[in-house]
Amino acid sequence: MKVLVTGAAGMLGNDLCNELERQSHQLIRTHKTVKEGGIQKLDVRDKEEVFSVIGYHKPDLVAHLAAETNVDKCEVEQDHAYLTNTIGTLYVALACQENNVLMTYISTAGVFDGKSNDPYTEFDQPNPINLYGKTKYEGEKIVQGLLNRYFIIRAGWMVGGGEKRDRKFIYKLLKQFEDGKKEFNILTDKKGSLTLTTDFARNFMPLLETQNYGIYHMTNKGYGTRYDVAKKTFEILDIKDVRLNSFTSETYPKDAYNVFSSTATPAPRPDSEVMRNYKLDLLGLNNMKGWESALEEYLVTNFKHKYSKH
């Protein structure tokens, strides 16, 4: 299969491309800027460029991963967020429509408001509470409205990319530790499901091969709080000289900025971003591992060698 991937240089995009190549698919890697070899420039905010690149390559599948995923940046720069996440998705969907191409759109647990005590399934109604979630949900509606053949796959808290590409929670946690921080204030009332990028990549094509088009969740099994994830990270890396202070959003020190706090950032965060891969369960395709095993795979593969002396 010929697969064109947008956002191919990102943490998920790179791992997905590597896995698809391992499976002998023909890959066209695209990104908004060309920072490394083997990548073609494609800015999804440029309609002419989107139509030109997709029309030229005529892929069997477009895996649309390109997005602005910085939740706080989306909240502050709303035009940028809508142009990238919503209008960019419109252009890709229109190009897929014109060229009769199967489209896969990667969405997020952030489309839900986080008020449910139960894991969200594909049959629950989205109700995003921040701009990032809103722009991604609008993208979902565009794909559903324009195409008959599509997969919308919602991921959870993304884990992956290694030292080169990871800029999410794990990276920030370990970067602060490397910079000498030994005490962390972390929330216990924000919970979510993790999605290991390599696990996502391994389970991506088996889903698409079913041709059972629609919306799916693809997260690692189970869930944890931000505190759980931080605690497990230090345990796996056998780092003992740290202190974790647990806070809720209401009790978090208002005068203490911390990258792990939702109270000190522009965008509100849902209390729960826990999802269940319900449709994958029903299809017998839920081969995503448990979140703790996924986290261990990631940390041992990418970071264990750095912290063996701690």
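The values are calculated or read from the model by the stated rules, or taken from the named source; none is laboratory data. Model, not experiment: these values are computed from the prediction. Counting neighbours? That spans all protein chains shown, and the Cβs are built from the backbone with ideal geometry, glycine included. All accessible areas refer to the heavy atoms of the entire protein, side chains included, with ligands and DNA or RNA removed. Shrake-Rupley method; radii C 1.70, N 1.55, O 1.52, S 1.80 Å.
Val159 - would you say it is closer than 17 Å to Leu196 by Cα and aliphatic (A, V, I, L, M)? Answer is yes for this residue. Beta carbons closer than 6 Å, at least 6 apart along the sequence or on distinct chains, pair a first residue in the range 187-214 that is at negative phi with a second that is among the hydroxyl-bearing types (Ser, Thr, Tyr) and part of a helix (DSSP H, G or I) for Thr188/Tyr227; Leu196/Tyr298.
Residue-by-condition table, conditions (1) within 22 Å of Ala109 (Cα to Cα); (2) under 18 Å from the mean Cα position of the chain (by Cα); (3) surrounded by 23 or more Cβ atoms within 10 Å (Cβ to Cβ):
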| position | (1), (2), (3) |
| --- | --- |
| Gly161 | yes, yes, no |
| Arg165 | yes, yes, no |
| Ile170 | yes, yes, yes |
| Phe177 | no, no, no |
| Gly180 | no, no, no |
| Phe184 | no, no, no |
| Leu187 | yes, no, yes |
| Gly192 | yes, yes, yes |
| Glu209 | no, no, no |
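Look through the range 42-87, keep the residues that are open to solvent by 70 Å² or more (accessible area, probe 1.4 Å) and in contact with a helix residue (DSSP H, G or I) (Cβ under 7 Å, 6 or more places away or on another chain), and return whichever of them is nearest to Lys32 (Cα to Cα). It comes out as Arg45. Checked against the criteria, Thr210 does not count as closer than 21 Å to Glu296 by Cα and at pLDDT 95 or above. Residue count for the range 89-119 satisfying the condition of being open to solvent by 10 Å² or more (accessible area, probe 1.4 Å), of a type outside the set (Gly, Ala, Ser) and either part of a loop (DSSP other than H, G, I, E, B) or in contact with a Phe, Trp or Tyr (Cβ under 6 Å, 6 or more places away or on another chain) (or both): 6.
Quick one: would you say Phe151 is of a type in the set (Phe, Trp, Tyr) and modelled with pLDDT of 95 or more? Give the steps one after another, and end with the answer.
Details: of a type in the set (Phe, Trp, Tyr): yes; modelled with pLDDT of 95 or more: yes.
So Phe151 passes the test.
For Leu16, the test of being touching a strand residue (DSSP E or B) at 6+ places or on another chain (Cβ under 8 Å) and either closer than 19 Å to Ile153 by Cα or at pLDDT below 95 (or both) is passed.
Can you pull out every residue in the range 157-172 that is in contact (Cβ under 8 Å) with a residue 12 or more places away in the chain and of a type outside the set (Lys, Arg)?
Filtering the range 157-172 for residues in contact (Cβ under 8 Å) with a residue 12 or more places away in the chain gives 157-163, 165-170, 172.
Those that are in contact (Cβ under 8 Å) with a residue 12 or more places away in the chain and of a type outside the set (Lys, Arg): Trp157, Met158, Val159, Gly160, Gly161, Gly162, Glu163, Asp166, Phe169, Ile170.
Scanning the range 128-151 for residues that are open to solvent by 40 Å² or more (accessible area, probe 1.4 Å), assigned to a loop (DSSP other than H, G, I, E, B) and closer than 15 Å to Ala267 by Cα turns up just one, Ile129. Residues of the range 161-197 being at pLDDT 95 or above, in contact with a Leu (Cβ under 9 Å, 6 or more places away or on another chain) and polar (S, T, N, Q), which ones? Passing the criteria: Thr195, Thr197.
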